[in-house]
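Okay, so here's the structure we're looking at.
Nothing in this text is a laboratory measurement; each read-out follows from the coordinates by a stated rule. What you see is a predicted model; the values in this text were computed from it and never measured. All Cβ positions, even for glycine, are placed from backbone atoms using ideal geometry, and neighbour counts span all protein chains on display.
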Amino acid sequence: MPPASITSSYPGLPMVINSSVFEGFLKCPTKSRLRSLGESENGNDYANWLQTKRTSYRERGIKGLLAGIAQSDCVIAPTDVEILRTSACRFAVNVRIQTQGLEAHLHVVERMPSEVRNKPPQFIPIRFAVNNKLTKDDKLLLTFDAFVPTQALRCDVIAGKIIHGDTNAVLRVKLLPLMNEVRKQIMRIPPAPAPVDLVLNRHCGECEYQAQCRTQAKEKEELSLLGGMSRNERKKLHERGIFTVTQLSRTLPSSAVSGNAWSPREISSLAASACDSRKPDPYGRSQRMRIYAGPGRSRNAHP
C-alpha cells in the first residue's frame, strides 16, 4: 500500500504559484496543494482566529504606515504593474503581480525615486507579520514578494521591510542572499498533476485543512499519525514496505517497547488509538512507544 497522497482534481492544469501557495509549501506540501486547488476550509477555529488576527494586524499596519501621506502619493490595488514603474506615487497598496506562473500579493510597495538621472526607481516590498519573533519563513515570504516583481519589472529588488509584533518593529532585510533559496523552494513545489504525499506535522494545529487531512490520514493509517517519527524514518519504513501504523505494529517485538513489556495485542491497540485521538489508551498506560529500528536502536514516539 503506497503512502496516502493528495492528487489534483484537474490533471494537466498549470498551477499558478502565488504567495498563499508558496507560504503553504513552507509549512506543508499538502497544504500548498490544497490551496492551489482552491479547496474549501474545514472549520479549524484556531486557524480562523489566527487568520483574522493577521488580517486585522495588516490592515491596521497599512493604515498607520499611510497616515499623513497625501492621497496623490498612494495608489490602491493597481491593476497594471507598469503603474509602479511610471507613476510618481510613493506607496502602492495591495499589489498583485503575476508573471511566468508566479503571482505575488504584496502588502505594500514603497517606491524610491533614483537620485541618478535616467536610472529606474528602487522598489521596497513591505510585509506585515503579527508575531513578535520572526522566523526564516517570514523572510522567505518577503523575498518571494520581491522575486516576482524582479521577474515582471526586470529590475533588482534588493531590500525589503517586515513590520511586526506588538510594537510595530521594523526589520530591514537584504533580499539578494535569499533569492536562490526562494528559487529552489519554487522548483520543489510539485506541478499540478503530480500527487503529494499526505503527511501530518506540527503545523497541523494551525492549519485550515487539519480536519480533512487527519480524516484521510486515519483512513489510510498514515505513519505520520505517530508524531515522533521523522521523515527519514518514514522513508526507511516505506523502503521496507511498511506504510501504515498497523503494518508497523506487526513488526514490533515486545522487547522493543519501553515500559512493562508490551504484548503484540497491546501494541496493536496503541496503533489503533493513534488513528483516533479521541480513543483513550485501553490499558491506562502512557502512549509513549519506542519504534524498533534494529538491534540496539530505537526512538521515542508520541501517537
Can you give the translational diffusion coefficient of region 53-188 in µm²/s, computed by Stokes-Einstein from the Kirkwood radius over Cα pairs at 37 °C and 0.692 mPa s? 215 µm²/s
Under 5 Å, built H, 5+ apart or other chain: amide partners of residue 129: 163, 164, 165
Under 5 Å, built H, 5+ apart or other chain: amide partners of residue 192: 15
How about region 46-133: which trypsin sites (Lys or Arg not before Pro) there are in a DSSP loop, with at most 10 other Cβ atoms within 10 Å of their Cβ? 117, 133
Name the residues whose placed amide hydrogens come within less than 5 Å of the amide hydrogen of residue 227, ignoring near sequence neighbours (fewer than 5 apart) on the same chain. 302
Once the Cβ-Cβ distance between residue 206 and residue 168 is put in as r, and R0 is 25 Å, what FRET efficiency do you end up with, to the nearest 0.05? 0.65
Which links in 184/218; 119/174; 133/184; 31/184 stretch past 30 Å when you go from one Cα to the other? 184/218
